[in-house]
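Written out below as structure tokens is the structure these notes cover.
Only the coordinates and a few stated rules stand behind these numbers; no lab work does. It should be emphasised that the depicted structure is a prediction, and the values quoted were computed from it without experimental measurement. Heads up, the Cβs are rebuilt from the backbone with ideal geometry, glycines too, and the neighbour counts pull from every protein chain shown.
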Amino acid sequence: MKFAFKWSAAGLVAVAALVAGVLVSQRGSAVQVTPLLKSGIVQSVVATGRINAPARMDIGAEVTATVLEVRVREGDRVKTGDLLLRLSDGEARAALEQARAALTEARNRAAQQTTVMAPVATQAVVQAKAAFDAAVRDHQRTTELVAQGFFPQQKLDEALRTLDTTRSALESARVQSLANQARGVEATLAASRVAQAEAALDVAQARLARLRISSPADALVLARNVEPGSMAQPGRTLLALAALGGIRIDAAVDEKHLRLLTLGLAARAVADAFPGQPFDARLNYISPAVDPLRGTVDVRLQVLQPPAFLRPDMTVSVELLAGSKNDALVLPSGSVRDADLVAPWVLALRDGRATRVPVRLGLRGVGAVEIVEGLQEGELAIPQTEKAIAGDRVRRGPSLGREKGMEVPSFISR
């Protein structure tokens, strides 16, 4: 009878345990949840880039020559036209002086042609015309006297020869006079000789200028690869310059963020060497092509007010502000599944069950995602860290995140 009583007590315990299990199974297992709350959110694109000048210039020589003088060193700032270095130029300077002398001679000859040769040619015409007229009159008289028998025929032949000679001299003088006029051949040749001498002078000056290398722009000297006495040759970089007047950032952004990039986007940058001194920048170039090897898009940002510590090739971190809202419905990123695919979804707690709910996403911040459609404010989402699957009976356990809203992710000023 005592054995029967103990069996009945054990049976009661088993029944109680079974009833408790059934009740627990009906309530479901406890899961952590995150509520969908209104909060501020900032979507940004982060990339690593380098400081660059608006232009880089490799300075070299156009001819082979010995370097006589180098006037700059690394770190020097130069202005447009400042002499950077000078090559051996003795022969070039002599050629320049020779060209100048040749030009002076050509100009003097042109002046002589105008002031001397042309007037002389004109007077020669006058003299030849007078001689011809005299010959004509002499020929007429001789003809009459020969006809009357006063002169022999030989006298008439001499008068005719004189007439022909003076006529020829007159024609020659007229041709010479025309050649020495303003549009004549001699004047044209004189002007041509002056033009040739001027061109030769320009060539000599250009050859000398190639031996005196000046800065093409306001710039910073980055590298000096030459010393006095060394040989400069075409194709060899003697100095490296970075143009002043504007600092930019060259960066590469993952192609998945291309849809977020628009010209004019505000950005903040921080140099790795000066992490506590962020500065402003603005997106002003997006490459039209994607790098197929890296899967990135090259971008450039203008630095609005460059800090004094920036140097070319300095590494910087850049964060571009792609969008922001102050009252978005936000979930932690870990509560949104397939966020990078075509059909993102959330495992929501509805009526005691884990329910798969398709959603449409908006902005994506640091660790947070905006829910545009699919859920209502206050609904509970089950994060991916929980083992629940769609259709499971579950109950609310501890909540993750802040019930009163989430903080707005900071924008690189952090």
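Observations on the structure shown:
- Debye-sum result for the stretch 91-209 in log10 I(q)/I(0), which assumes one identical scatterer on each alpha carbon, at q = 0.13, 0.22 Å⁻¹: -0.66, -1.05
- Selected from Val46, Met117, Leu301, residue furthest toward positive end of dipole (the chain; charges at beta carbon): Val46
- At least 15 Å along the helix axis (C-alpha) and Kyte average at least 1.0, DSSP helices within the chain: 2-27
- For q = 0.16 Å⁻¹, Debye-computed log10 I/I(0) when each Cα of the stretch 177-265 counts as one equal scatterer: -0.89
- Gyration tensor verdict on the chain (Cα atoms; rounded if a/c is under 1.5, prolate if a/b is larger than b/c, oblate otherwise): prolate
- Under 5 Å from the amide H of Ile247 lie the amide H atoms of Val303, each residue being 5 or more positions distant or on a separate chain, with H modelled from the backbone and absent for Pro and chain starts.
- The chain: most fluctuating residue of Lys325, Lys129, Lys155 per GNM, C-alpha cutoff 10 Å: Lys155
- Normalised by the number of residues in the chain, the average gap of Cα pairs under 8 Å and 6 or more apart makes the relative contact order 31 percent.
- For the stretch 91-209, averaging the sequence separation of C-alpha pairs within contact (under 8 Å, six or more residues apart) and dividing by the residue count gives a relative contact order of 48 percent.
- Two numbers describe the Cα atoms of the stretch 223-367: Rg and Dmax, which are 22.8, 89 Å.
- Contact order normalised by residue count of the stretch 25-112, Cα under 8 Å, 6+ apart, percent: 20
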